[in-house]
Amino acid sequence: GAGVSQSPSNKVTEKGKDVELRCDPISGHTALYWYRQSLGQGLEFLIYFQGNSAPDKSGLPSDRFSAERTGGSVSTLTIQRTQQEDSAVYLCASSLAPYRGRGNTEAFFGQGTRLTVV
Amino acid sequence: AQSVAQPEDQVNVAEGNPLTVKCTYSVSGNPYLFWYVQYPNRGLQFLLKYITGDNLVKGSYGFEAEFNKSQTSFHLKKPSALVSDSALYFCAVRPHSGYALNFGKGTSLLVTP
């Protein structure tokens, strides 16, 4: 597809269960970002991947959150032992590498996964 | 710290009137600034970005943004608002030495007929 694809679009899970959210970036985009958008809040940065470099995990809120990116393409965000406060929309974005004079490279976002923990 | 502020939670404007959604930033060096729009139950769509040297940047759907270095602002504007412009608007900055976009809290724009 032409855009960033996220799946599932909606996920309802029970408290304490693990969930996996998937992101398929735009082909050729080496940078991939995960953000979280809680109701009425702005976007909270979670994690950033760039090529084969070590990811920037500085935004992950707890050790229950992890993410990987296989083969420099598809990424999976995993939340273990989900809590009700994890309920939010999880947004993935991709872009060309934003360095070497390309700091104004825009990121393209997927439609998001709405996670509801009950 | 690199950050953006959107001082208004909501902006109301009548259809056909000009609109402004405010954004101020705090960065060191030349800023990388962006505007995104989010329609209900949708992801973020890129509207426009600051291009060094251009104080007035034109983007999608008739939107433009005015960069003011002395006031450290990057306000989003449109000469004539449409009801369909009603959405959530986010200003974002990418730190000069970084890569992740830092977003403001968003401004809800309501255009009434």
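Structural remarks
- Leading residue by the ranking (nearest to the other protein chains (Cβ to nearest Cβ)) among those in the range B:82-113 that are more than 15 Å from the chain's Cα centre (by Cα) and open to solvent by less than 50 Å² (accessible area, probe 1.4 Å): B:100
- All told, residue B:18 meets the bar of being at negative phi and open to solvent by 50 Å² or more (accessible area, probe 1.4 Å).
- Within the option set A:56, A:24, being under 14 Å from the mean Cα position of the chain (by Cα), open to solvent by 20 Å² or more (accessible area, probe 1.4 Å) and within 11 Å of chain B (Cβ to nearest Cβ) holds for one residue only, A:56.
- Residue A:70 away from chain B (no Cβ under 14 Å), closer than 21 Å to residue A:29 by Cβ, at pLDDT 95 or above and out of contact with any Gly (no Cβ under 8 Å at 6 or more places or on another chain): no
- Filter result (in a strand (DSSP E or B) and more than 10 Å from every other protein chain (Cβ to nearest Cβ)) within the range A:35-48: A:36
- One residue from B:81, B:65 being in contact with a Phe, Trp or Tyr (Cβ under 9 Å, 6 or more places away or on another chain) and among the small types (Gly, Ala, Ser): B:65
- Residue identified as closer than 12 Å to residue A:34 by Cβ, of a type outside the set (A, V, I, L, M) and either within 11 Å of chain B (Cβ to nearest Cβ) or touching a Cys at 6+ places or on another chain (Cβ under 6 Å) (or both) among A:105, A:78, A:113: A:113
- Which numbered condition residue B:100 misses (of (1) modelled with pLDDT under 95; (2) over 20 Å from residue A:4 (Cα atoms); (3) aliphatic (A, V, I, L, M)): (2)
- Residue that is farthest from the chain's Cα centre (by Cα) [pool: residues in the range A:106-118 that are farther than 14 Å from residue B:36 by Cβ and crowded, with 20+ Cβ neighbours inside 10 Å]: A:115
- For the range B:28-65, the tally of residues that are in a loop (DSSP other than H, G, I, E, B), among the small types (Gly, Ala, Ser) and either touching a residue at least 60 places away in the same chain (Cβ under 8 Å) or surrounded by 12 or more Cβ atoms within 10 Å (Cβ to Cβ) (or both) stands at 4.
- The lone exception for residue A:38 - which of (1) among the hydroxyl-bearing types (Ser, Thr, Tyr); (2) in contact (Cβ under 8 Å) with a residue 24 or more places away in the chain; (3) under 25 Å from residue B:88 (Cα atoms); (4) open to solvent by less than 30 Å² (accessible area, probe 1.4 Å) it fails: (4)
The values are calculated or read from the model by the stated rules, or taken from the named source; none is laboratory data. Only a predicted model underlies this, so the values are computations on that prediction, with no experimental measurement involved. Virtual Cβ from ideal backbone geometry, glycine too; neighbours counted across all protein chains shown. Note: areas computed on protein heavy atoms with side chains; ligands, DNA, RNA excluded. Shrake-Rupley method; radii C 1.70, N 1.55, O 1.52, S 1.80 Å.
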